[in-house]
Amino acid sequence: MSAVLDQRDVTSGPSLDIRALDARLRDAEPQAILEEALGRYAGRIALVSSFGAESAVLLHMAAQIDPSVPVLFLDTGMLFGQTLDYRKKLAAQLGLTDVRDLRPAYQDLAVRDPGQDLWKTDTDACCHIRKVVPLEHALADFDAWITGRKRFHGGDRLRLKVVERSDGKVKFNPLANWTKTQLDAYAAEHALPPHPLVEFGYPSVGCWPCTQPADSEDLRSGRWAGSDKTECGIHVPKAPVPAMDVGGDI
Ligand code: SF4
């Protein structure tokens, strides 16, 4: 067990001082951050994964600590077949026992996107019914979640914290500090299989209508290319941060 986890207390409720916890974990290794998250929120935390181009590293780290951690996978109905295959093979290889496929509500699709072409006219609305709403429902069962975001992705992620609170839930970003070089080294060391589309020039993989091959120097430039959109919306807070986030104890 890490020194970080040894020093923690067991607070995880609304009085948790997010800023202090983030400051303590700011320079910790991803595995130590994951141990802290999974220990502090045991039974009340999920990992959200796209099973995309960089997902294997975080999933492998989590599986080493607790292969039964709930993994939430947004199956939007618009994913590449290669991603669906990769999700099955990687989960089996890592021994993950609780990967949950989240799908859009039938009624939302029937009313808002009967032609399955909403992405052509309103990507925000499409992401809302296919990603934001299903994840929101699934996260209702949890107090905290783990994401795979990194600062080197750029944009709003440049200021990403290791621990944050959003919409009343705590979010851990264990890989926030890591570079692409570190990710690649970890994947090589553990012989993790790459997403099958990486070799075809996709450094970031999302839904097929909104993903294209991209420059390896700007990994997310192939997502919603040609538009201002850079995020699907699941990381956009829906409410102001409560005052209680800045006080309390850890
Ligand atoms: S990424 Fe594109 S296809 Fe996927 S949910 Fe968002 S707008 Fe729709």
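Of the residues R19, R26, the single one that is at pLDDT below 95 and under 19 Å from the mean Cα position of the chain (by Cα) is R26. Checking V99, V57, V48, V10 one by one, the residue that is within 19 Å of I146 (Cβ to Cβ) and at pLDDT below 95 is V10 and no other. It is to be established whether one or more residues within the stretch 136-156 are more than 9 Å from the ligand (Cβ to nearest atom), in a loop (DSSP other than H, G, I, E, B) and of a type in the set (D, E). The answer is yes, given that some residue of the stretch 136-156 is more than 9 Å from the ligand (Cβ to nearest atom), in a loop (DSSP other than H, G, I, E, B) and of a type in the set (D, E).
Restricting attention to the stretch 212-229, the residues that are among the hydroxyl-bearing types (S, T, Y), within 22 Å of T179 (Cα to Cα) and modelled with pLDDT of 80 or more total 0.
When you check T76 against the structure, is it assigned to a helix (DSSP H, G or I), hydroxyl-bearing (S, T, Y) and within 16 Å of the ligand (Cβ to nearest atom), yes or no? No: the conditions fail for T76.
Checking each residue in the stretch 97-117 for being among the aliphatic types (A, V, I, L, M) and more than 21 Å from H235 (Cα to Cα) picks out L109, A110, V111. Each residue in the stretch 157-185 was checked for being touching a residue at least 24 places away in the same chain (Cβ under 8 Å), more than 24 Å from F80 (Cβ to Cβ) and in a helix (DSSP H, G or I), and 0 of them qualify. Residues in the stretch 54-69 that are surrounded by fewer than 20 Cβ atoms within 10 Å (Cβ to Cβ) and assigned to a loop (DSSP other than H, G, I, E, B): D66, P67, S68.
The values are calculated or read from the model by the stated rules, or taken from the named source; none is laboratory data. Model, not experiment: these values are computed from the prediction. So basically every Cβ, Gly included, is an ideal-geometry build from the backbone, and we count neighbours across all protein chains shown.
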